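Derivation of every value follows stated rules applied to the coordinates shown; laboratory data play no part. Being a predicted model, the structure only gives us computed values, none of them experimental. When we count neighbours, we look across all protein chains shown, and the Cβ atoms used for this are built from the backbone with ideal geometry, even at glycine.
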Amino acid sequence: MATLIQLLLISVWAIPLSLHTRRLFRLAVVPLVADRRLYVRSKAQRIWWWLGRDEFWTALRRDVLRAIEASLLIALIALGF
């Protein structure tokens, strides 16, 4: 039973984490550059830029609140309330 609850909690948090990481990488797409070092640096700067934007964090906040709610519900059900 404890393993099932742990798997549920892990999946509740893994889904938004993977979705928003994928979304961040999709938003930070930069054109290909011949120099690999410049490409990685520009991509990292673009990701850092998106992390500072409120457009990225609004959807993430909503999903984190849903994950917190689901975690609390799972914990209450597991405790028998």
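Within the chain, the whole DSSP H helices whose Cα atoms reach 15 Å or more along their own axis and whose mean Kyte-Doolittle score is at least -0.5 are 2-27, 54-79. Counting every other Cβ atom within 10 Å of each residue's Cβ, T3, T21 order from fewest to most as T3, T21.
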